[in-house]
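As C-alpha cells, the structure follows; a few thoughts come after it.
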Amino acid sequence: MSYLNYKSLTGLLLAVYLVYCAQLYFVTSDNSHIPGVSLSDTGLKGREVWAKYNCQSCHQLFKLGGYLGPELTNIFDQHGKSEGYVLAFILNGSQGMPALGVSESEAQQLAVYLKEVGMADNAARRNLRSDEKE
C-alpha cells in the first residue's frame, strides 16, 4: 500500500516539475509578448543565448524565471554593475554561478539583450509615472 502512495506521489511531483519547466521555457524565453521590448539584431541573438543556456531556470526577467540567481531585468542600473562586470560573470561564472562555456560573442550578445530589456523596463516605468501625473 505504501509503495502505491509513493509511486503516485512521485508521478505527481514529476508532473508538477514538468509543468514548471514548460512555464519557465515558454513564458520567459520569448519576451516578444512584453510591451515595449523591441530588440536590436544583437539583442535578438542575445535572447537566443538566454534560451540556449537556459538562463531563466536560475534568473528572472520581469520577475519571471528561477530563484537561484538574481533578478536581471535592471542589472545595468545597479551601482557598480558595468558591462565589464556583467561580462565577467557570464564568461567566468562565480561561486554561486557555474561557468557555462559561453563564448565571448555570445556573452556580448547576452549583455546587449540584458541592457535592452532593462532600457525597455525603465521606459515602461517612466510611462507609468507620467500617466499617473495626468
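The H on the amide N of Glu71, modeled in the peptide plane, is under 5 Å from the matching H of Gln60, each at least 5 residues off or on a different chain. The peptide list 58-70, 106-118, 89-101, put in order of mean Cβ contacts within 10 Å with the highest first, becomes 106-118, 58-70, 89-101. Here the Karplus relation 6.51 cos²θ - 1.76 cosθ + 1.60, evaluated at θ = phi - 60°, turns the backbone of segment 50-63 into coupling constants of 3, 6, 4, 8, 6, 4, 5, 6, 10, 10, 10, 10, 6, 6 Hz, with x for every Gly and Pro.
Stretching Glu83 away from Leu68 to a fully extended chain increases their span by 3.2 nm, per 0.36 nm per residue minus the current alpha-carbon distance.
Readers should treat all values here as calculations from the given coordinates under stated rules, not as data from a laboratory. The shown structure was predicted, so the numbers you read here are calculated from the model rather than taken from an experiment. Backbone-built Cβ (ideal geometry, glycine too); neighbour counts: all protein chains shown.
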